[in-house]
Amino acid sequence: MIKLSDRLQVIADEIKPGETVADIGTDHGLLPIFLYESGRSGGIILCDINRGPLDKARNNIALYLGEGALGDGGELRGLELRLGDGLKPLDSGEVDTVVIAGMGGILMTEILGENPVHSQSFSKLILQPRNGSHKLRWWLAHNGFRITAEHLVVERKYICEVMTVQPQRFAEPDDGVAVGLPQAAVPLPEEISDDTLDWEISPLLFDGPDPLLIPFIENKIRIEEKVVGFVSEGSEEGTEHQRIAEANRRLAALRAKLELARQRTGTM
Ligand SMILES: C[S@@+](CC[C@H](N)C(=O)[O-])C[C@H]1O[C@@H](n2cnc3c(N)ncnc32)[C@H](O)[C@@H]1O
């Protein structure tokens, strides 16, 4: 059986047995190969905007599963390769779950915002942004998507965020009202105000608390401390001062958050 990286395994674990899946930006195709080989999913569409990655995925399928695993383009069974941008290669509601992993958060908002009605036609999304996760969370909250679970997972020197998302029109009746589907997406603002850091450090990760919450916040503090040190060495005037002031504000907010997280997890 193919062995996934911890990051891809966390994504795979969010897929329930029997769900059909589309992997957008599949590249190597390893996640779909695992889902098929493990029997978790019997029908998976592998999409990519570039032909090279799709060829790579086809080679990996042949290597791990043999050509027989490729569907014949009829009813979705086995693995099917499709070239195209974002969700465009998919029919409305064609699969249960859409995975978009390993891309920037802003690109994900563009993919989902291209056609909101289409994006809302799938019952579940699993998103793993490489960066810009606070912008992605803001965009989801303002465009009728609810994050139902979040996980942190280490990949090399990074701590990655994995979000499981439900279009709100699929919400359980008890969860509240089903929203009317917007024809056009609410765009991202230039700046997102995040004094409490709730967009950046999701309450789902904080309240859990996720086992990696403390190192996740500590990493952010280290990055900000580097910015402060780097900028202070550089210049003493004008915009540089503003940058230091902003970085110091963020540092104070992050340190306060870390303190709260330590209290919550009982690690002082
Ligand atoms: C870094 S790889 C991620 C591979 C895999 N999803 C993972 O998480 O390991 C990003 C892939 O997304 C593809 N991609 C980028 N923009 C895309 C878009 N708009 N629609 C579909 N695929 C896209 C790229 O061609 C590339 O193969």
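The values are calculated or read from the model by the stated rules, or taken from the named source; none is laboratory data. Quick caveat: nothing in here was measured; it's all calculated off a predicted structure. Methodologically, a virtual Cβ is constructed for each residue, glycine included, from the backbone with ideal geometry; neighbour enumeration extends over all protein chains shown. Quick note on the areas: whole protein, heavy atoms, side chains included, nothing else; ligands and nucleic acids left out. Shrake-Rupley method; radii C 1.70, N 1.55, O 1.52, S 1.80 Å.
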Where labels lie 7 Å past Cα in the beta-carbon direction, separation of Arg169 and Glu240 in nm: 5.3 nm
1.4 Å probe accessible area per residue over the range 203-265, in Å²: 62 Å²
Taking the range 203-265 and dividing mean pair separation by its residue count, relative contact order in percent (alpha carbons under 8 Å, at least six apart): 46 percent
For the range 203-265, diffusion coefficient by Stokes-Einstein and Kirkwood Rh (Cα), 20 °C, 1.002 mPa s, µm²/s: 170 µm²/s
Carbon and sulfur %, accessible surface of the range 46-194 computed with the full protein complex present, 1.4 Å: 48 percent
By accessible area with a 1.4 Å probe, ligands and nucleic acids excluded, highest first: order of Glu37, Glu114: Glu114, Glu37
For the range 6-142: accessible area per residue (Å², 1.4 Å): 40 Å²
Extension reserve of the Lys16-Lys88 stretch, reckoned as 0.36 nm per residue once the Cα distance is removed: 23.5 nm
Computed log₁₀ I(q)/I(0) - Debye formula, equal Cα scatterers, no solvent, the range 75-129, q 0.13, 0.23, 0.25, 0.30 Å⁻¹: -0.31, -0.99, -1.16, -1.47
Charge context of Thr20, other residues only, Cβ under 13 angstrom, K/R +1, D/E -1: -3
Length released on extending from Ile49 to Ile223, taking residue separation times 0.36 nm less the Cα-Cα span: 59.4 nm
Residues with amide H under 5 Å from that of Glu155, placed H, sequence gap 5 or more: Cys160
FRET E, pair Lys3, Ser123, Förster distance 22 Å, beta-carbon r, rounded to 0.05: 0.15
Long-range HN-HN contacts of Lys124 with modeled amide H, under 5 Å: Val98
Bins of 5 Å, starting at 0 and running to the largest distance - Cα pair percent for the chain: 1, 5, 12, 15, 16, 15, 12, 10, 7, 4, 2, 1, 0, 0
Sequence-separation-based contact order of the chain, relative, with Cα cut under 8 Å and 6+ spacing, percent: 14 percent
